1. Keeping every protein chain present and rolling a 1.4 Å probe, give me the accessible area per residue for the chain in Å².
2. May I ask which of 39/133; 81/146; 46/125; 65/95; 95/120; 65/146 have a Cα-Cα span longer than 27 Å here?
3. If we count every other residue with Cβ under 12 angstrom of residue 105's Cβ, Lys/Arg +1 and Asp/Glu -1, where does the sum land?
4. Could you state the orientation-averaged shadow area of the convex hull built on the Cα atoms of the chain, in nm² to one decimal?
5. State, as an integer percentage, the relative contact order of the chain based on alpha-carbon contacts under 8 Å between residues 6 or more apart.
6. Which percent of the accessible heavy-atom area of region 67-150 goes to carbon and sulfur, probe 1.4 angstrom?
Amino acid sequence: MLTLTHRYRIYPDSALEQQLIQWMEICRGAFNYALREIKDWCDSRKCPIDRCSLQKEYIISPELKFPGEIQQLNNLPKAKKEFPKLSEVPSQVRKLAIKQLHRGWEYFQERGFGFPRFKKYGQFKSLLFPQFKENPVTNLHIKLPKIGAIP
């Protein structure tokens, strides 16, 4: 299987630029929420059983499994009902934000250091559109889902 990846510099007008920034902030929120689930799960497994403090430690049911990539991706449609802003962003873009987190988590597991960090405002700088129905590139424009043609 051959995968081609292209990177394009786009020149949106100010209204479209604000929309893209808003999409990046929504993806950043999803990324941070998923990271919080992972961090809470890890913190609940840290304390020794004989010295666990009820006031300072996270207590989560031991039956609760690690919030893996598949589970978090399956929870996105449910979260869309709770947080309607998530529906503004194309679903594949949201999914790739979660996949990006889990790629960082796997890299952390391999190396043993470099735990994924929360993203602050403005640190989420890219949106990934993984597939298109037809070729999105025309002469001087690229056609993105839910946006249209951008120079």
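1. With all protein chains present, the chain gives 75 Å² per residue.
2. Correct reply: 39/133; 46/125; 65/146.
3. With Lys, Arg at +1 and Asp, Glu at -1, the neighbours total +1.
4. 12.4 nm²
5. Computed value for the chain: 31 percent relative contact order.
6. Result for region 67-150: 54 percent of the exposed heavy-atom area is carbon or sulfur.
The values are calculated or read from the model by the stated rules, or taken from the named source; none is laboratory data. Fair warning: this is a prediction, and the values are worked out from it, not measured in the lab. Don't worry about glycine lacking a Cβ; one is built from the backbone with ideal geometry, like all the others, and counts go over all protein chains shown. Each accessible area value is taken on the protein alone, full model and side chains, heavy atoms only, with ligands, DNA and RNA left out. Shrake-Rupley method; radii C 1.70, N 1.55, O 1.52, S 1.80 Å.
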